[in-house]
Amino acid sequence: LAAQGKLLTVWRGAWDEQRPYCALPDAVRAIRWVLQSRRFSGETFNVVTGNHTVREVVEAITWSLPQTQVTEVSSPLLNQLSYAVSSQRLRSAGFACIGDLHVGVQETLAWLGALRPVPSPVWAPVDVPGIGTVAFAGAT
């Protein structure tokens, strides 16, 4: 909606509810990792870049599109309770998500034509204790 210049609505009282977020590059990397490591034993992995509050998601959107207007609305039934998703099994198996909510929102808005294209990040190897070396998007 923000990409179309429309009003964002947030359910009153839902600002601190958590939602899992998966950056598209993390999803693609996870699929590649499963294929390359031949993990075909029926294991289930949650690919989660991070668990974020509705407030954090709205802040990422309004940081990218400052003209975005947000309003609270009442709901007779708030059936979307807060939930976080663990990616511990995936990390234990050797895969680490490296995406970022703000970068993901900016890329999505750029894809939708609401922003100028986001420059590609500079990738650098980073040693993650217990996991090994992973690629990390650094600031340019």
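The values are calculated or read from the model by the stated rules, or taken from the named source; none is laboratory data. Given the structure is predicted, the values throughout are model-derived calculations rather than measurements. Neighbour counts run over all protein chains shown; Cβ positions are idealised from the backbone, glycine included. Quick note on the areas: whole protein, heavy atoms, side chains included, nothing else; ligands and nucleic acids left out. Shrake-Rupley method; radii C 1.70, N 1.55, O 1.52, S 1.80 Å.
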Item checked: Distance (nanometres) between label positions extended 7 Å along Cα→Cβ at Tyr83 and Thr9 -> 2.3
Check: Normalised by the number of residues in the stretch 1-101, what is the relative contact order in percent for Cα pairs under 8 Å and 6+ residues apart?
Finding: 47
Margin query: So, taking all protein chains as they sit and a 1.4 Å probe, how much accessible area belongs to Asp16, in Å² rounded to tens?
Written below: 100
Check: Tally Lys and Arg at +1 and Asp and Glu at -1 over the other residues with C-beta under 12 Å from the C-beta of Leu101: what net charge comes out?
Finding: -3
Check: Carbon and sulfur together cover what percent of the accessible area of the stretch 1-111 at a 1.4 Å probe radius?
Finding: 53
Item checked: Cut-off 16 Å, label 7 Å out along Cα→Cβ of Ala93, residues of the stretch 37-54 by amide N -> 37-49
Check: If each of Ala27 and Arg39 carries a label point 7 Å out from its Cα toward its Cβ, how far apart are those two points in nm?
Finding: 1.7
